[in-house]
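Below is one structure; the comments refer to it alone.
The values are calculated or read from the model by the stated rules, or taken from the named source; none is laboratory data. Not measured: the values here are computed from a predicted model. Because the Cβ atoms are built from the backbone with ideal geometry, glycine has one as well, and the counts that use them run over all protein chains shown. To get the accessible areas, we keep the full protein, side chains included, count just its heavy atoms, and leave off ligands, DNA and RNA. Shrake-Rupley method; radii C 1.70, N 1.55, O 1.52, S 1.80 Å.
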Amino acid sequence: MSQKHLKEAFISNLNGTSLLEISLGLSVAPLCLLCRGLLFIFYYLRYGKHLSSRKYSLLLDFLVLVSPLLFSCTVLSPVAFFTPTIIAAFCAGIFSKIYSQRKDETSVPFRQMVKDFQEVYLGPEHIPAITAFRVYVNVLTSVSILAVDFPQYPRRYAKTETYGTGVMDLGVGAFIFANALVCPEVRQKSYVSQPKFSNLGRQFFSVWPLIFLGIGRLLSVKSMEYHEHTSEYGVHWNFFFTLAFVRLAASLLLAVFPKNKSWIVALNLAVLYQLILNTTSLKMFILHGGDGRDTRVGFLNANREGLLSLFGYLAIYMASVQVGLCLQKCRNSVKGWLEAACFLLLTVFVLFVFLHVSHTYADPVSRRMANLSYCIWVVAHCLTFFICFVVTDLTLVFTKLLVKGSSVPCCWNVVKPPNTSTKHTTEASPIGTEGKLSRVCLISAINKNQLLFFLLANVMTGTVNMLIDTIHSKAAFTLCVLHVYMFFNCLIMHILHAKNIVLKFW
């Protein structure tokens, strides 16, 4: 077999892993973020100053926020519980150290501190959990698209052939979900009156880079005979086209239907699509082609997975719009966010019940078709992932209150409650501290140029695959390559962020 066919076989005919293992893997990211925040607070408690060095801040961010992900999806994958357990224990140790060494003259009982904490007001400017969620979806995707070509990346984490739940199957849907959370329809204030189809016009203008990137990827893959998994999207289709067409279709639907009812549109789309799959020959067409021999003759037949899965991805996008609208509601207090997290947790429980019913009576999860079970699974796991980031942020806010003057980049600020005196005070950090920390924060850096980060990761993945025989690499070499690859991508984002450069002109 040629190198191209060997790599194609290496990522084909896979069946995925369990929902529990995926959940354990996802918990690593918010735990890393919690660990980084606690280390910042502990540094301030110990030395009385903020860690403001750009060089050391980038190194700390990479070693704490990114490196554990690389280990957990490669050499530590046989013991999937090991990484989150160790990080959680380390976080508990740091928190205990901070709590015992805090300089608080008034000895307030812990229970009273928790009660007072619920009444604290948070900065309403942005929701850090959304930023962290979107950035980590991008980072995890970038890690996986290269790591999957190495033998140390478990085959059960890669995309499944027909049915199953792989980590990379979730990544595709999560990318759609993350984009919808901050789409124009969500960010647009309800009281702002605009023409009904204004957002659709803006989307037409904003998706052209995706179309351009999709065409560029198609031409480069075909011209260089780069290995590709045909049953993933088809012969000519790719994820850039999927994202562009889903965004356009969603803007059209949101121009026709009320955006606060987008969950109803999502439900109808997913259920109707599943009914068509089960009652017609559409499922057989997607899986085996028009003639049953998978000959890929004709544009629709050649790209049937990419074209027909658009219905499922559109349902995920519309569901995420509803989540985004829910999150944008004014929740300025910790108590409000705790209630929101509980509501989302209840929603997750209901979705997993529906997933069980759908898996049993309709169809198992299939990313290839983006069927009903797949849509429910993606939304449920994305909400779980997001809740973890909300809990992480609230934990860091509580810890910051223990150490007056401490600050954590990309975390909520404590503010004075509206229409009250000085019952609650603002954080004691000097004016501009948060801004300074934000400038050296890797999360903020990637967030400013997310599409560029994803594009750079794709280009680097192709370059590495052309230069290295990945499927016969040893563990030490694999970890070295992955660390250099991710550090290079993060360094570019860090430099652009430090110079305040945003490469977005559409």
Please calculate the 1.4 Å probe accessible area of Arg46, with all protein chains present, and give it to the nearest 10 Å². 150 Å²
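Which sequence of His5, His483, His381 reflects their accessible areas, 1.4 Å probe, from the largest down?
Numbers: His5 95, His483 35, His381 5 Å².
Solvent-accessible surface, decreasing: His5, His483, His381.
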Can you give me the C-alpha center-to-center distance between the range 364-379 and the range 21-73, rounded to a whole angstrom? 32 Å
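Sort Leu344, Leu31, Leu272 by heavy-atom solvent-accessible area, probe 1.4 angstrom, most to least.
Numbers: Leu344 10, Leu31 35, Leu272 105 Å².
Solvent-accessible surface, decreasing: Leu272, Leu31, Leu344.
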Of all the accessible heavy-atom surface of the chain, with the other protein chains kept in place and a 1.4 Å probe, what percent is carbon and sulfur? 67 percent
If each of Thr295 and Val221 carries a label point 7 Å out from its Cα toward its Cβ, how far apart are those two points in nm? 2.3 nm
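What does the charge count near Leu394 come to, summing +1 for each Lys or Arg and -1 for each Asp or Glu among other residues with Cβ under 11 Å from its Cβ? Before the final figure, lay out the partial values.
Details: positive: Lys335, Lys400; negative: Asp393.
My count for the surroundings of Leu394 gives +1.
Highest mean first, what order results for 484-495, 91-102 on Cβ atoms within 10 Å? Each step should come with its number before you reach the end.
Details: 484-495: 18.2, 91-102: 14.1.
Ranking the peptides 484-495, 91-102 by packing returns 484-495, 91-102.
Any chance you could list the semi-axes, whole Å, largest first, of the equivalent ellipsoid that the Cα gyration tensor gives for the range 462-506, using √(5λ)?
Working: eigenvalues 174, 33, 6 Å².
Gyration-tensor ellipsoid for the range 462-506: 30, 13, 5 Å.
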Could you compute how much accessible surface Arg247 exposes when probed at 1.4 Å, giving the result in Å² to the nearest 10? 40 Å²
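Express the relative contact order of the range 70-167 as a whole percentage, based on alpha carbon pairs under 8 Å and six or more residues apart in sequence.
Numbers: 30 pairs, mean separation 33.4, N = 98.
After rounding, I find 34 percent.
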Long-range alpha-carbon pairs in the chain, meaning those over 37 Å apart, account in percent for 29 percent
Remind me, relative contact order of the chain in percent, using alpha carbon pairs under 8 angstrom and six or more residues apart? 25 percent
For the range 215-364, just the Cα set please: Rg and Dmax, both in angstrom. 18.9, 59
Measure nothing but the geometry: give the 0 to 90° angle between the long axis through the Cα atoms of 334-361 and the longest principal axis through the Cα atoms of the chain, rounded to 10°. 20 degrees
Helix 28-47: inclination vs the chain longest Cα principal axis, degrees, rounded to 10, gives 20 degrees
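Write down the accessible area per residue of the chain in Å², having rolled a 1.4 Å probe over the full set of protein chains. Please list the in-between numbers first.
Values: 22800 Å² over 506 residues.
Result: 45 Å² of accessible area for each residue.
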Rounded to the nearest 10 degrees, what's the angle between the helix 128-147 long axis and the longest principal axis of the chain, both from Cα atoms, 0 to 90? 40 degrees
Suppose accessible area is computed on protein heavy atoms with a 1.4 Å probe; arrange Tyr226, Tyr136 from highest to lowest. Tyr226, Tyr136
